[in-house]
Every structure is written in C-alpha cells, then in structure tokens.
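Input: a single structure, listed below in structure tokens.
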Amino acid sequence: MKLLLDDKEPIADGVVLLTLRHPDGDPLPGWTPGAHVDLVLADDLVRQYSLCGDPDDTSIMQVAVLREPDGRGGSQHVHDVLAVGQQIEVRGPRNHFELVEAKRYLFIAGGIGITPILPMIAQVETTGHDWRLLYGGRTRSSMAFRDELEHLGQVEIRPEDEHGLLDLRAVLGEPDEDTAVYCCGPEGLLTAVEQHCADWREGALHIERFAPKTVAAQGPRHEFEIELSQTGAVLRVPAGQSVLEVVERAGVAVLSSCQEGTCGTCETTVLAGTPDHRDSVLTDQERAAGDAMMICVSRSRSPRLVLDL
C-alpha cells in the first residue's frame, strides 16, 4: 500500500517518529503488538521497522527510526531524504514477535528496541497483568519515549552513562515459571539476556533482532534440490546461491525483504525434508518442528526439500 508521510517528529537524540496515513483517509490494516512493516524507501532499499503506536487506531501507523551512521543506508535515507507529504510504499504488517499469554511479563529494551515493547506494555496494562520494564540506553536524551514511560512505577530507566550496563543478573538470576521475558535491542544485550535465561523454562524468552545473529548464516553450504509442490518443478540449489535466489530465477514470485533472515517476510512452508535453519526469527520449537523456513538464508539437511511454492 502507498501511505502518506503525515508527520516526521524528532523524539530523542538521533530518533525520528514517522506517522503514516492513507492518502484517502481509509482505515489501515489491523496489527498486534510486536508487529513490523516494511518501508520501501527506494527500489533497492527496503527496511523493517516495528510499529510503536496504538493498534486500535487504524487511522495511522507509527514507526520510530534511529539514525545509524554505520548502517546500510536505510536510516540515513529516513532522516535525510523522507519529507512530510511524501508517499511511501508500505508492506505488511507482519508479526514474528507476538505477545503470548502469561501471568507476568518482564520487558527488557535497549535503545530503539523500545519500539515493539511499547504497544505490548499498553496491552498488558489494559488486561491487568503484572509487568516490569528495564530500559537501557546510551544517554537519557537518546532514549525514545522516555517521557511517556518515566511516570510508570513498573519502569526502570537506566542510561548507561549514569548507571553503567543493565544489571541483568538482578532481574534474571532466578527463573520464574510464570513470567514471559521479552527483549529487543542491540546484539550485545540480546546475547547477554539469552545467557542469563539459559536456566529458564523453554519458551519463556522472546527476542526480536534488528540484525542477524553472527552464527546464524554460518556452516557448510552444500548443493541440494527443492521441489515446488504447486507445479512439481524440481530445482537445484547450488552451494553459492540461496533458495530464494533460485526460485526467483525460475520465475516464482515470493515476497522477501531483508535477505538476512531477520524479518520473516520470506517464510515458506516445508512439506517434506529437513531444513537447515540459519535465520534469526524462528524459535527453537519452531525450528524443531521443521515445517517452515526462511528461504533467504536457510538451507537443507536432506538431499531434497519439498516447499509449498
């Protein structure tokens, strides 16, 4: 869909909040906390951003974008090129970071990782569940939505220049069977949280990454075959190409975006065979099930995969 950039507002050091509307005022698709959209900034520049507004307000969608000087150019385009009144192609929303049912919630956010957490907090507030937020950032002025959160008693705001690194041991040292842990932020924080949650129950930790895990795409790359169940076509996937590249070259239309295994756009159903998961999206349980894969990065452990394409 083509949406109008209705507002572009600085909300923290290096962070702008984009407000998108339908040009004709039509309602926008519904979404749930944890969802993201793709912004097609140019023909070869597609980036994913978490929705951080109110899911019940279908008149707008909002995303917050951090300028990343050492990034791949998406955030700089948003900050320096996008202008109010411009129309932007938007894909989605999609959600691979859904809020599960739990008695209690512990939210841990680092920097711009607060964006998917905000609507989660709003939802658990309305349902009356117990929750707590530990929110870290480089400096107080760099932490988006700080003003909206500071007055809430369940929120601990810990700028690194004032308090040092987040004390994860204090909040994750004792596993709690009734608590779901949600974390989003830089890779160092995510890795540390994963380590501290190693003794928690399976499925307690939910993580969203903005960049692929370093180890996700590693491992040997062997040649294998894929069978497209909808046509019966059998295609060879060379060691140096991805499944996505092969099916696109064969003329099969597949939605894709990040090409890194982080956004979930290219998720494809696996009907037979054993995927070699190299994404940063699926949970351990979903990987074990083996009935879906991200074809932009994942490969095969079996000689042939049968895909629902």
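Identify the GluC sites (Glu not before Pro) of segment 147-192 meeting these criteria: DSSP loop state and at most 12 other C-beta atoms within 10 Å of the C-beta.
Answer in residue order: E177.
Output ³J(HN,Hα) for segment 228-240: one whole-Hz value per residue in order, computed from phi by the Karplus curve 6.51 cos²θ - 1.76 cosθ + 1.60 with θ = phi - 60°, and x for Gly and Pro.
Once rounded to whole Hz, the list reads 8, 5, 6, 10, x, 5, 10, 10, 8, 9, x, 4, x.
Using a 1.4 angstrom probe and counting only protein chains, how large is the accessible area of E260 in Å², to 10?
Result for E260: roughly 50 Å² accessible.
Calculate how steeply helix 114-127 sits against the longest principal axis of the alpha-carbon atoms of the chain, using the helix alpha-carbon long axis, and give the answer as 0 to 90 degrees to the nearest 10.
Once rounded, the angle reads 70 degrees.
Of the accessible area of segment 224-307, with the probe set at 1.4 angstrom, what percent is carbon plus sulfur?
Using a 1.4 Å probe with all protein chains present, segment 224-307 comes out at 46 percent carbon and sulfur.
Roughly what percent of Cα-Cα pairs across the chain reach past 25 Å?
Value for the chain (Cα pairs over 25 Å): 53 percent.
Average the reciprocal distances over every distinct pair of alpha-carbons in segment 182-309, invert the result, and give the Kirkwood radius in Å.
By the Kirkwood definition, the hydrodynamic radius is 15.3 Å.
Pull up all non-local amide H partners of W131: gap of 5 or more, or a different chain, and H-to-H distance under 5 Å with H placed in the peptide plane.
Y105
Pull out a ≥ b ≥ c, the square roots of the eigenvalues of the alpha-carbon gyration tensor of segment 1-49, then state rounded if a/c is under 1.5, prolate if not and a/b is larger than b/c, and oblate in the remaining case.
Since a/c stays below 1.5, the shape of segment 1-49 is classed as rounded.
Evaluate 2.2 N^0.38 Å with N set to the residue count of segment 68-157, then give the Cα radius of gyration divided by it.
With N residues counted in segment 68-157, Rg over 2.2 N^0.38 Å equals 1.30.
What is the distance in Å between the Cα centroid of segment 113-175 and that of segment 1-80?
A separation of 22 Å, based on Cα centres.
Run the numbers for T274 and Q154: contour at 0.36 nm per residue of separation, minus the present Cα-Cα distance, in nm.
Stretched fully, the T274-Q154 segment lengthens by 38.8 nm.
Of the listed peptides 242-252, 30-40, what is their order by residue-averaged count of other C-beta atoms within 10 Å, with the highest listed first?
30-40, 242-252
Per residue, what accessible area does the chain have, given a 1.4 Å probe and all protein chains present, in Å²?
Computed with neighbouring chains in place, this is 47 Å² per residue.
The values are calculated or read from the model by the stated rules, or taken from the named source; none is laboratory data. This one's a predicted model, so the numbers in the text were calculated from it and none came from an experiment. With ideal geometry, Cβ positions are generated from the backbone for all residues, glycine too; neighbour counts draw on all protein chains shown. Calculation scope for accessible area: heavy atoms of the full protein, side chains included, ligands and nucleic acids excluded. Shrake-Rupley method; radii C 1.70, N 1.55, O 1.52, S 1.80 Å.
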